[in-house]
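Here the structure is laid out as structure tokens; the discussion comes afterwards.
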Amino acid sequence: MRHLFFLSIALVSLTNVIAQKATVTSELLTDKQVAALLPDTLRKVLHINFPIFRTYRYTDKEGVHYCILTESREKITTDGDTINLKIKAINVKVVNGTLVKVWEINDNIIKDERNESSIWFWTKYADFKDYDGDGLAEPVITYGTAGMNGYGDGRIKFIIYYKGQKTAIRHQNGVLDYERETQVDKSFYVLPQALQAGVKQKMELMVANERAIFPAGWQKDMKNKETQIDERQ
């Protein structure tokens, strides 16, 4: 209880300092910082049931936020790869010195014909930026799966939070052209242009890094505000 009391004071002080700044900032916490921020008692309150993969602190004109990425971590292979069957992201905000959950993301592998083997957060394609200059962060969380052919037939999902509303882009990789499919929520096309462009840049980077094969002509289709993009004839 004493630990939580001093944590509360520290969070209030941090919030007051941040509130004086208009710029949006983000940083990755160290393991030591995560342990101090999230003792076991608080993890139970927030229903953090999986090992914590990464925790980000980001600040905007509304205050201090933490995005906690957790993965089930069932197994570590001889090659050092981590096998996860489930993932969960929990986003909290500092309110009166207390961490209050604002939203969460849950997902898991799918045992269909592609026989997914693992799911994990792709932090290289995630960020907490102010794309439209309104002083508020627009979190972009990205994760994916591995299928029987690794990245070749895994899934990819972008989750974008804008003013409290969730927008998603869901993609299915495929070894064959007709297997590839991208679904874009209608709400994506009403997001600020800078935010849309930022997500598309991440998609281009995935292609360059050989992590995704989007349907041919996907850039044009998204320019035309298509919600279902594929190569089926």
Among residues other than Asn173 whose Cβ falls under 14 Å from its Cβ, what is the net charge (Lys/Arg +1, Asp/Glu -1)? -4
What is the set of long-range amide H partners of Gly154 at a cut-off below 5 Å, with H atoms built 1.01 Å from backbone N? Gly147, Asn173
Compute the helix-to-body angle for 193-208: its Cα long axis versus the longest principal axis of the chain, expressed 0 to 90° and rounded to tens. 60
State which entries of Lys86/Lys200; Lys93/Lys129; Lys75/Lys163; Lys88/Lys220 exceed 28 angstrom in Cα-Cα distance in the structure shown. Lys75/Lys163; Lys88/Lys220
Considering only Asp127, Asp79, Asp185, give the residue with the highest GNM mean-square fluctuation for the chain, with springs between Cα atoms whenever their separation is below 10 Å. Asp79
Modelled FRET efficiency - R0 30 Å, Lys124 with Lys75, Cβ distances, 0.05 increments: 0.85
Note the angle between two axes, namely the Cα long axis of helix 2-19 and the longest principal axis of the Cα atoms of the chain, as a number of degrees from 0 to 90, rounded to the nearest 10. 70
Per DSSP, loop GluC sites (Glu not before Pro) in segment 151-233 with at most 14 further Cβ within 10 Å: Glu210
Among Ala146, Ala197, Ile52 - extreme Cα towards positive end, dipole of the chain, charges at beta-carbon: Ile52
Under 18 Å from the Cα of Lys186, which aspartates and glutamates turn up, not counting those fewer than eight places away in the same chain? Glu138, Asp221, Glu226, Asp230
For Ile110, the residues 5 or more places away or on another chain with a placed amide H closer than 5 Å to its own amide H are Glu116
Take the alpha carbon atoms of segment 39-133, find their radius of gyration, then divide it by 2.2 N^0.38 Å using N residues; give the quotient. 1.24
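About the Cα centre of segment 103-233, what is the dipole size in debye to 20, counting +1 per Lys and Arg Cβ and -1 per Asp and Glu Cβ, all else neutral?
On the way: 18 positive and 21 negative charges, 34 e Å.
Dipole of segment 103-233, to the nearest 20 debye: 160 debye.
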Once amide H atoms are built 1.01 Å from N in the peptide plane, which residues 5 or more positions from Glu231, or in another chain, come under 5 Å H to H? Arg180
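As an exercise, identify the trypsin sites (Lys or Arg not before Pro) in segment 155-188 lying in DSSP coil whose Cβ has no more than 10 other Cβ atoms within 10 Å. Please report the intermediate quantities before stating the final value.
Numbers: sites: Arg155, Lys157, Lys163, Lys166, Arg170, Arg180, Lys186; in loops: Lys163, Arg180.
Sites meeting the loop and neighbour criteria: Lys163.
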So what J values fall out for segment 115-120 if you push phi through Karplus, 6.51 cos²θ - 1.76 cosθ + 1.60 with θ = phi - 60°, rounded to Hz, Gly and Pro as x? 6, 4, 10, 7, 9, 7
Stokes-Einstein D (µm²/s) once Rh is taken as the Kirkwood radius of the chain over alpha-carbon pairs, at 25 °C in 0.890 mPa s: 129
Quick one: among Thr25, Thr55, Thr78, which has the greatest mean-square fluctuation in a GNM of the chain with alpha-carbon springs under 10 angstrom? Thr78
Which residue, Asn108, Asn91, Trp120, has the largest displacement toward the positive end of the dipole of the chain when charges sit on each Cβ (Lys, Arg +1; Asp, Glu -1)? Asn91
Charges only on Cβ, +1 for Lys and Arg, -1 for Asp and Glu: so what's the dipole of segment 2-225 about the Cα centre, in debye to the nearest 20? 580
What percent antiparallel are the DSSP beta bridges of the chain, to the nearest 5? 100
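Values in this text are rule-based calculations from the coordinates and carry no lab data. Note that the structure is a prediction, hence the values are computed from the model and not measured. Neighbour counts run over all protein chains shown; Cβ positions are idealised from the backbone, glycine included.
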